[in-house]
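> Before I ask anything, here is the structure I am working with.
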């Protein structure tokens with residue numbers, strides 16, 4: 001069990017000191033930030049679209 005914990009410790013130390021995958025992590029964080037912003041903005045956009053369709057629907061109903 002101690003050997004497994006030591007191997008995991010060595011592996012995490014190697015990952016921490018290795019900078020080869022750093023760009024990938026940065027890109028993943030940027031993508032996550034864009035996805036979060038898009039998701040947060042969807043509710044506002046959905047409200048506006050719903051309002052527009054309700055206006056169109058009521059205008060069509062009154063004209064018929």
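Values quoted throughout were computed directly from the atomic coordinates according to the rules given, and no laboratory measurement underlies them. Keep in mind that what you see is a predicted model, and the values were worked out from it rather than measured.
> Give the angle, between 0 and 90 degrees and rounded to the nearest 10, that separates the Cα long axis of helix 22-63 from the longest principal axis of the Cα atoms of the chain.
Once rounded, the angle reads 10 degrees.
> Quick one: plug the Kirkwood hydrodynamic radius of the chain (C-alpha pairs) into Stokes-Einstein at 37 °C, 0.692 mPa s, and report D in µm²/s. Show your work: numbers first, answer last.
On the way: Rh = 16.6 Å.
D, rounded to a whole number, is 197 µm²/s.
> Oh, and also: Does anyone have the angle between helix 2-17 and the longest principal axis of the chain? Alpha-carbon axes, 0 to 90°, nearest 10?
Tilt of helix 2-17: around 60 degrees.
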